[in-house]
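Structure first, then comments.
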Amino acid sequence: MLIKKPSDMSPSEITDKELYLNRREFIAKTAIAIGGAAVSGIKITTDANAGQKLNVTKRGHFAEGEKETPFKHAANYNNFYEFSTNKEDVAELSRNFRTRPWTVSVEGHVKKPRVYDIDEIIKAFPLEERIYRFRCVEAWSMVLPWVGFPLGDFIKICEPLSNAKYVEFTTLYNPKQMPGQQRNVLEWPYVEGLRIDEALNPLTILALGMYGEVLPNQNGAPLRLVVPWKYGFKNIKSIVKIRFVEDMPISSWMKASHQEYGFYANVNPSVPHPRWSQSEERRLGEFLKIKTLMFNGYAEQAADMYKGMDLRKYF
Ligand code: MTE
């Protein structure tokens, strides 16, 4: 993105999952032991929801024949500028991020505008595991088992009006909890958008978990978007607002650098980004590069939405 060239992590920089979870437990115990602010003046908290198992009712493999990226990579190499522009620091800096109480406000051109409690949303939909390819514009990628439900199912209960042509998503703004927001690296809060047909596409999901557990904070807890045929930056994290609008939303990345980041951001190996080739990618934790697939391998489900569009112009 707007920062240094991505480098692969050396194994010593990667915490394996057991170590990572043990560290959480250690911190939690320490917090109890020191009794928070009373003793040390430092308040240590942990997110009670992290690591919780999710009840998945349906599973789908959408990256047939490919092996999952280990959890330790997906959870320790993150783009989440609200915490840091350094991918290796996000997990640590977001550890105390509070994801409860949490509400998601539905606004704009809908019959049923409403503020939902996150737990109400979670209970309302059967949870599915979907193994998707996920590709960042910086040419690293993963194969990841998300847990969530189709965004389209949520949109149906909101009952959009006929002038709802786009859906705009907004991340929480809270510079105290999200220290990266104290810096002007992007215009805050983080905003992303989809055309309504993209939002309703059966592949588009709202995710609240990965690897069978509640999302780690660094991966966008408690609720994030996953659109597998688009570059990683479209997949907005820690959503607090979903607004149905008539005009194309201007995303944070479009505002930061519109020549580099378009609204569509469809994975397209034939349209290079000014700073990264999009023709190849490297899976996190692997050495060899592989060819990037058109629409990230989801052309069958996604290509029709862009028929007749010049994808060099609408990148
Ligand atoms: N959402 C918010 N709110 N803030 C961000 O900085 N980064 C995006 C996307 N969603 C980002 C965000 C980018 S650039 C990528 S590649 C993915 O999140 C990374 O998701 P991951 O950390 O789960 O791999």
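The values are calculated or read from the model by the stated rules, or taken from the named source; none is laboratory data. Please read all numbers here as calculations on a predicted model, not as lab measurements. Backbone-built Cβ (ideal geometry, glycine too); neighbour counts: all protein chains shown.
Some points to look at:
- The residues of segment 235-289 that are aliphatic (A, V, I, L, M) and either surrounded by fewer than 15 Cβ atoms within 10 Å (Cβ to Cβ) or part of a loop (DSSP other than H, G, I, E, B) (or both), listed by number, are Ile236, Met248, Ile250, Ala265, Val267, Val271, Leu284, Leu288.
- Here Asn96 passes the criteria (1) farther than 20 Å from Lys241 by Cα; (2) touching a residue at least 40 places away in the same chain (Cβ under 8 Å); (3) within 16 Å of the ligand (Cβ to nearest atom); (4) not in a strand (DSSP E or B) except the one numbered (3).
- Of all residues assigned to segment 290-304, none qualifies as being assigned to a loop (DSSP other than H, G, I, E, B), within 14 Å of the ligand (Cβ to nearest atom) and within 30 Å of Gly209 (Cβ to Cβ).
- Restricting segment 155-190 to residues that are outside any loop (DSSP other than H, G, I, E, B) and under 17 Å from Lys234 (Cβ atoms), the residue that is farthest from the ligand (Cβ to nearest atom): Ile155
- From Pro269, Pro274, residue being modelled with pLDDT under 95 and farther than 22 Å from Gly148 by Cα: Pro274
- One residue alone among Gly148, Gly152 is more than 10 Å from the ligand (Cβ to nearest atom), surrounded by 21 or more Cβ atoms within 10 Å (Cβ to Cβ) and not hydroxyl-bearing (Ser, Thr, Tyr), and that residue is Gly148.
- Pairs, first farther than 20 Å from Phe71 by Cβ and of a type in the set (A, V, I, L, M) in segment 119-138, second within 16 Å of the ligand (Cβ to nearest atom) and assigned to a helix (DSSP H, G or I), C-beta under 7 Å, six or more apart: Val137/Gly232; Val137/Phe233
Listed here are the residues, each with its yes/no results for (1) touching a residue at least 60 places away in the same chain (Cβ under 8 Å); (2) among the aromatic types (Phe, Trp, Tyr).
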residue	(1), (2)
Ile250	no, no
Trp253	yes, yes
Gly262	no, no
Ser270	no, no
Pro274	no, no
Glu280	yes, no
Leu284	yes, no
Phe295	yes, yes
Ala303	no, no
